[in-house]
Amino acid sequence: PLSCSQQSPASSSGVLRKPTTSNKILKKARNVNTSGLLIRTIGVLYLMFISSGCRTGEAKLTKGFNLAARFIIHTVGPKYKSRYRTAAESSLYSCYRNVLQLAKEQTMCSVGFCVINSLKRCYPLEDATHIALRTVRRFLEIHGETLEKVVFAVSELEEATYQKLMPLYFPRSLEEEIQSLPCLPADIGNAEGEPVVPERQIRITEKPGVPDDASDEEGLEADLSFIGSHAFARMEGDVDKQRRLILQGQLSEAALQKQHQRNYNRWLCQARAEDLSDIASLKALYQTGVDNCGHTVMVVVGRNIPVTLIDMEKALLYFIHVMDHIAVKEYVLVYFHTLTNDYNQLDSNFLKKLYDVVDIKYKRNLKALYFVHPTFRSKVSAWFFTTFTISGLKDKIRYVESLQQLFTAIPPEQIDLPPFVLEYDARENGPYYSSYPPSPDL
């Protein structure tokens, strides 16, 4: 047996027993050991203490009975499959860690380990040995005062691997430690020896919500203003309590605005991180020129929105991504309802969600919404929506029956029109601005 010890073993000890039935409940003597040797050695009372079974990675404690040890610690090692390597490593680590924890809790002075992994369970011997030695080493670094001796009971098949790797984790001299350092694997786990999965780690960025390519020369004042507006930086009380007060209608107007701003910032961060190229390719939302008052003109083409074929949440993210910097200043929206059908109709639930999510600047700086080529049905729907669902938008809607009427507010050279809109308007209302070329991209 291989051992790492500080002094001679004391009488207070435990021995590790690896059940042969995995995590099945041990009910019969033949299930515990096919030869019956363990039962004859320990005693029949042993079965009474292990009948509850043991799951993979867990550790159970029983008395030592007729063995020369106070206790027996039982654990079940994992089956190894390459596609579930991470789960197997975590389970094997838990086996060794839980055994050592039980030894510490029972004030044992020494503990003996058999090799928990086995060829029968297909676990690579060298990988398993790294986990075993690393876990024991990390545990002794933190709780070394509780154990005086740890013994690894290995067979001839496993001895060479243990002899090879022991100097990596338990060097006997400074020279051996220096020689072993280059041989340590890249993954040595965390402070407890537990395998680390990068995908499951919590990542904290220096400036949450700021793109990586943001300039560092914007000045300290800009950085501080951003940090101050971030929900985490403000360190505001109990968020769950605030949400409960919102539901109960007891939260102040200022607190409601802060809650709304936090929610919008989350959407904005997601919009900046998401790949929205498929939504952009629809050309359903784009910026054009300015109106007669100098307001930025944003165009929405209803016919280019295949509601049933796209992810509407991504559509909402794209709207936020495009409009966030536009809505900082006064702007107008031009919505072309021309030749839309049931497959292009934005339902009221989506519009309500959009109105609730966007920042207050969207509503404050929107000066007009031009509804071009409305139908009777769309007018009725818009009236119900602006009257009973949302407030503050009804007075900004302007129904535009023809492009001639639209050009009184927005010069024709300041707006890019889809070709089908020009054709429809010429057919319905007669040509008005024949020399005006349509946008080549639409």
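The values are calculated or read from the model by the stated rules, or taken from the named source; none is laboratory data. Just so it is clear, the structure is predicted and the values come from calculations on it, not from any experiment. A quick note on method: Cβ atoms are made from the backbone with ideal geometry, for glycine too, and the neighbour counts reach across all protein chains shown. Ligands, DNA and RNA are excluded from the accessible area calculation, which covers all protein heavy atoms including side chains. Shrake-Rupley method; radii C 1.70, N 1.55, O 1.52, S 1.80 Å.
Filter the range 168-189 down to the residues that are at pLDDT 85 or above and closer than 16 Å to Leu140 by Cβ, then identify the one that is most open to solvent (accessible area, probe 1.4 Å).
Arg172
Mind listing whichever residues of the range 53-73 are of a type outside the set (Ser, Thr, Tyr) and under 15 Å from Ser118 (Cα atoms)? I'd like the intermediate steps shown before the answer.
Pass one, the range 53-73, residues of a type outside the set (Ser, Thr, Tyr): 53-55, 57-61, 63-73.
The answer is Gly57, and nothing else.
Take the range 286-316 and flag every residue that is under 19 Å from Val400 (Cα atoms), assigned to a loop (DSSP other than H, G, I, E, B) and hydrophobic (A, V, I, L, M, F, W, C).
Result: Cys293, single match.
Suppose we filter Lys361, Lys367, Lys379 for residues that are touching a residue at least 24 places away in the same chain (Cβ under 8 Å) and part of a helix (DSSP H, G or I); which single one remains?
Values: Lys367 fails: part of a helix (DSSP H, G or I); Lys379 fails: touching a residue at least 24 places away in the same chain (Cβ under 8 Å).
So the residue among Lys361, Lys367, Lys379 that is touching a residue at least 24 places away in the same chain (Cβ under 8 Å) and part of a helix (DSSP H, G or I) is Lys361.
Residue check: is Glu126 surrounded by 18 or more Cβ atoms within 10 Å (Cβ to Cβ), in a helix (DSSP H, G or I), acidic (Asp, Glu) and in contact (Cβ under 8 Å) with a residue 12 or more places away in the chain?
When the stated conditions are applied, Glu126 does not pass them.
Go through the range 424-442 and report how many residues are at pLDDT 55 or above and part of a loop (DSSP other than H, G, I, E, B). Before you say what the answer is, go through the steps one by one.
Step one: filter the range 424-442 for residues at pLDDT 55 or above, giving 424-432.
The next check asks that each one be part of a loop (DSSP other than H, G, I, E, B); those that pass are 430-432.
Residues flagged as at pLDDT 55 or above and part of a loop (DSSP other than H, G, I, E, B) within the range 424-442 amount to 3.
Please go through the range 54-72 and give me each residue that is touching a Phe, Trp or Tyr at 6+ places or on another chain (Cβ under 7 Å) and touching a residue at least 24 places away in the same chain (Cβ under 8 Å), ordered by number. It would help to see each step written out before you state the result.
Looking only at the range 54-72, we keep the residues that are touching a Phe, Trp or Tyr at 6+ places or on another chain (Cβ under 7 Å), and these are 61-65.
Matches in the range 54-72: Leu61, Gly64.
Identify all residues within the range 408-423 that are assigned to a loop (DSSP other than H, G, I, E, B), open to solvent by less than 20 Å² (accessible area, probe 1.4 Å) and more than 11 Å from Tyr370 (Cβ to Cβ); write none if there are none.
Leu417, Pro418
Helices (runs of 4 or more DSSP H) wholly in the range 8-123 with at least 3 residues that are at pLDDT 60 or above and among the small types (Gly, Ala, Ser) - which ones?
Working: elements: 29-32, 37-42, 46-50, 85-105.
Because the criterion is at least 3 residues that are at pLDDT 60 or above and among the small types (Gly, Ala, Ser), the helices (runs of 4 or more DSSP H) in the range 8-123 that meet it are 85-105.
How many residues does the range 298-355 contain that are of a type in the set (Val, Ile, Thr), under 27 Å from the mean Cα position of the chain (by Cα) and open to solvent by less than 30 Å² (accessible area, probe 1.4 Å)?
2
Tell me, please, whether a residue that is in contact with a Leu (Cβ under 9 Å, 6 or more places away or on another chain), among the small types (Gly, Ala, Ser) and modelled with pLDDT under 65 can be found in the range 222-238.
Within the range 222-238, not a single residue is in contact with a Leu (Cβ under 9 Å, 6 or more places away or on another chain), among the small types (Gly, Ala, Ser) and modelled with pLDDT under 65.
How many of the residues in the range 98-112 are in contact with a helix residue (DSSP H, G or I) (Cβ under 7 Å, 6 or more places away or on another chain) and buried (at least 21 other Cβ atoms within 10 Å of the Cβ)?
Within the range 98-112, residues that are in contact with a helix residue (DSSP H, G or I) (Cβ under 7 Å, 6 or more places away or on another chain) and buried (at least 21 other Cβ atoms within 10 Å of the Cβ) number 2.
Which of (1) open to solvent by 40 Å² or more (accessible area, probe 1.4 Å); (2) farther than 30 Å from Gln259 by Cβ; (3) part of a helix (DSSP H, G or I) is the odd one out, the single condition Lys283 does not satisfy?
For Lys283, the exception is condition (3).
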